[in-house]
Amino acid sequence: MFKISDTYFNFNQGIFEKRGEKYLKVKKTLKDLNDFFLTKKNVNLDEIIYKVEGVIHEEKEGQLNFGVTTVYSGTINEEFYMTKGHYHKNLFNAEYYWGIKGKGLLLMCDKSGNYSLEKVEKNSLHYILGEKAHRLINISSENLVVGACWASNSGHNYQEIIRKGFPVRIFKNKDTFEIIKVKN
Ligand code: M6P
Ligand code: ZN
């Protein structure tokens, strides 16, 4: 049977040009992220920090999800806008990220506190090993747009991030970024 896909994705722009049945979009505001930034800012809690759009399948073994994260540009008390970051509930499930637009960092760490930072930019490809928590940080004045592909049964463990956090945080310093080590 000949069929036209229900989804069209513009890989240059990171835009869903045709949205199929499994398309999903979520927006994360400062209210959702207040526990994740180092310091709280209680004004403008409706400010959107990032959005995730994707083709999201049932959390069943064997399925794959495809998504795109757009982290807006800005800071909360000088800490750059970022995603919550998570471990997978299925800890050993890996994931791909790739840069589409903007400039950012991919921060990864394991439960022993070892971390690494990778520069994310157009066409950079990042393989995130299972057991590594992962967070995107926008370090520029334009949107950071990043594609992702992961197993649908990976799940998100945010509790560990709230409890322990990542070992470093990324702050704005003049025109560049500064890596600040934090005590966990
Ligand atoms: C990517 C994927 C998603 C994730 C999203 C935002 O699109 O890794 O699974 O939800 O980024 O990241 P987080 O959930 O950590 O805020
Ligand atoms: Zn993930």
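The values are calculated or read from the model by the stated rules, or taken from the named source; none is laboratory data. All figures in this text were calculated on a predicted structure; none of them were measured in a lab. Positions of Cβ are backbone-derived with ideal geometry, glycine not excepted, and every protein chain shown enters the neighbour counts. SASA here: full protein model, heavy atoms, side chains in, ligands and nucleic acids out. Shrake-Rupley method; radii C 1.70, N 1.55, O 1.52, S 1.80 Å.
Name every residue in the range 118-149 that is within 22 Å of GLU160 (Cα to Cα), among the aliphatic types (A, V, I, L, M) and open to solvent by 90 Å² or more (accessible area, probe 1.4 Å), in order of residue number.
LEU129 - this is the single residue of the range 118-149 that is within 22 Å of GLU160 (Cα to Cα), among the aliphatic types (A, V, I, L, M) and open to solvent by 90 Å² or more (accessible area, probe 1.4 Å).
Can you tell me how many residues in the range 71-95 are under 11 Å from the mean Cα position of the chain (by Cα) and either open to solvent by 10 Å² or more (accessible area, probe 1.4 Å) or on the phi > 0 side of the Ramachandran plot (or both)?
The initial filter retains those residues of the range 71-95 that are under 11 Å from the mean Cα position of the chain (by Cα), namely 71, 81-86.
Right, trim to either open to solvent by 10 Å² or more (accessible area, probe 1.4 Å) or on the phi > 0 side of the Ramachandran plot (or both) and you get 81, 83-86.
Adding up the residues that qualify gives 5.
Is the range 137-150 home to any residue that is within 16 Å of ligand 2 (Cβ to nearest atom) and in contact with a His (Cβ under 7 Å, 6 or more places away or on another chain)?
Looking for residues that are within 16 Å of ligand 2 (Cβ to nearest atom) and in contact with a His (Cβ under 7 Å, 6 or more places away or on another chain), one finds none in the range 137-150, hence no.
Table: residues versus (1) open to solvent by less than 30 Å² (accessible area, probe 1.4 Å); (2) part of a strand (DSSP E or B); (3) not polar (S, T, N, Q).
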| site | (1), (2), (3) |
| --- | --- |
| TRP98 | no, yes, yes |
| LEU107 | yes, yes, yes |
| SER116 | no, yes, no |
| ASN153 | no, no, no |
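Kindly evaluate LYS60 against the criterion of being touching a residue at least 12 places away in the same chain (Cβ under 8 Å), open to solvent by 60 Å² or more (accessible area, probe 1.4 Å) and within 14 Å of the chain's Cα centre (by Cα). Full working, then the answer.
Working: touching a residue at least 12 places away in the same chain (Cβ under 8 Å): yes; open to solvent by 60 Å² or more (accessible area, probe 1.4 Å): yes; within 14 Å of the chain's Cα centre (by Cα): no.
Taking the combined requirement at face value, the residue does not satisfy it.
Report, by residue number, each residue of the range 155-184 that is over 18 Å from ILE56 (Cβ atoms) and open to solvent by less than 50 Å² (accessible area, probe 1.4 Å). Explain how you work it out, then say what you get.
Filtering the range 155-184 for residues over 18 Å from ILE56 (Cβ atoms) gives 159-184.
Scanning the range 155-184 gives GLU160, ILE161, GLY165, PHE166, PRO167, VAL168, ARG169, ILE170, PHE171, VAL182.
List the number of the failed condition for PHE166; all other conditions in (1) within 14 Å of ligand 1 (Cβ to nearest atom); (2) under 12 Å from ALA94 (Cα atoms); (3) part of a loop (DSSP other than H, G, I, E, B) hold.
(2)
Which one of these does LYS31 not meet: (1) over 20 Å from ILE162 (Cβ atoms); (2) in contact (Cβ under 8 Å) with a residue 12 or more places away in the chain; (3) among the basic types (Lys, Arg)?
Going through the list (1) over 20 Å from ILE162 (Cβ atoms); (2) in contact (Cβ under 8 Å) with a residue 12 or more places away in the chain; (3) among the basic types (Lys, Arg), LYS31 breaks only (1).
Specify which of the listed residues (VAL26, VAL43, VAL71, VAL52) is aliphatic (A, V, I, L, M) and free of Cβ contacts under 8 Å to residues at least 12 places away in the same chain.
Working: VAL26 fails: free of Cβ contacts under 8 Å to residues at least 12 places away in the same chain; VAL71 fails: free of Cβ contacts under 8 Å to residues at least 12 places away in the same chain; VAL52 fails: free of Cβ contacts under 8 Å to residues at least 12 places away in the same chain.
Answer to the check: VAL43.
Within the range 4-19, can you find the residues that are surrounded by 12 or more Cβ atoms within 10 Å (Cβ to Cβ), without any contact (Cβ under 8 Å) to a residue 60 or more places away in the chain and part of a loop (DSSP other than H, G, I, E, B)?
ASP6, THR7, ARG19
Which residues, taken from the range 57-94, are small (Gly, Ala, Ser), more than 15 Å from ligand 2 (Cβ to nearest atom) and farther than 28 Å from GLU47 by Cα? Walk me through how you get there before you give the answer.
Here is the first cut: in the range 57-94, the residues small (Gly, Ala, Ser) are 62, 67, 73-74, 85, 94.
Keeping just the survivors that are more than 15 Å from ligand 2 (Cβ to nearest atom) gives 62, 73-74.
If the condition is that a residue be small (Gly, Ala, Ser), more than 15 Å from ligand 2 (Cβ to nearest atom) and farther than 28 Å from GLU47 by Cα, then GLY62 is the only one that fits.
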